[in-house]
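The block underneath contains the structure these notes are about, expressed in structure tokens.
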């Protein structure tokens, strides 16, 4: 008699989590998947409860504005877990939403019965407790049964509170490092890649800045450059409508073609986030920009205890990618940083530093497979 497939309830709250989730799911051919994810996870076999975009909010003001939707989605997710009775709940980032779901599950008699019968809560992506709110490590230990961190230095922050924590490397590195070198060496185009973010709040703030940058570059003699914007499902329609008003119109490509674009990119101008890590792994000269709601920015500046926001800068403990945040994220400063990256010696130095980080991103076995194997072994 054939064994029944194990059920993995997967939760991803934004595009980066959707990409990671799909990679992990592809390493678990003997499982069935239900939960929350985007186009990548759906393509990998997920049966989604509702659109992932409902969770893709960030910042104090933005979360408050979407509180009613988030509350409803938490309730729906809790009910789905109790009804489906999965073998494991595997969450990928989106910690606020996930912790609320787990807390509500544990409050119910049905949830306690599932836990008694073996339901476990496992989480991918350790919160950056070394950067801000170190107390979250203890809260994670009370919420999750297992944590998959990306880097060795993160592990002790959680194991000291009794949380089973494994460093697996960065899952995205499995499919990037060294995989696109041939494409890069064969391109002669000067592609400027623009990534205004994956959340609507980010995109609304950064699109006008990027429009002005494109106009200024076009007026300043960079006429042979081609501008490209990879889009994600949550913001694609908005970006399409916006660039229709631009004087110089970038080419739009779907998210699943972004690595081919990155491999041919001369310079990228991107929102802070996972995309900057992807570009660092692919050794692409990049300028990182970010704007937040002023209230959120005020709190962030007082709570974050690291010098940089780009992960490659944090890992190497030095400024590799220039970061233009808040008021510094303006067209004039971006153009100034752009001009520096057209200087061959500056480009070569940056690329060499990005290559030096390869060993920090990637480790033997592949992160996605390590996570998938350990999830399946646990159930």
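Wholly within segment 59-178, which helices (runs of 4 or more DSSP H) include no fewer than the required count, namely at least 3 residues that are within 24 Å of the chain's Cα centre (by Cα) and at negative phi? Qualifying helices (runs of 4 or more DSSP H): 60-65, 67-84, 95-107, 136-143, 155-159, 171-174. For segment 320-366, the set of residues classified as within 23 Å of the chain's Cα centre (by Cα), assigned to a loop (DSSP other than H, G, I, E, B) and surrounded by 13 or more Cβ atoms within 10 Å (Cβ to Cβ) consists of 320, 321, 322, 329, 357, 362, 363, 366, listed by residue number. Selection within segment 1-37: residues that are at pLDDT below 90 and part of a loop (DSSP other than H, G, I, E, B). The member of this set that is nearest to residue 121 (Cα to Cα) is 13. Looking only at segment 179-215, residues that are assigned to a loop (DSSP other than H, G, I, E, B) and either over 19 Å from residue 226 (Cα atoms) or modelled with pLDDT under 95 (or both) come to 8 in all. Within the option set 133, 120, being surrounded by 14 or more Cβ atoms within 10 Å (Cβ to Cβ) and in contact (Cβ under 8 Å) with a residue 12 or more places away in the chain holds for one residue only, 120. Within segment 1-24, the set of residues being in contact with a strand residue (DSSP E or B) (Cβ under 6 Å, 6 or more places away or on another chain) and either closer than 18 Å to residue 70 by Cβ or buried (at least 23 other Cβ atoms within 10 Å of the Cβ) (or both) comprises 8, 9, 10, 11, 12, 17, 18, 20, 21.
The values are calculated or read from the model by the stated rules, or taken from the named source; none is laboratory data. Predicted, not measured: the structure shown is a model, and the values here were computed from it. All Cβ positions, even for glycine, are placed from backbone atoms using ideal geometry, and neighbour counts span all protein chains on display.
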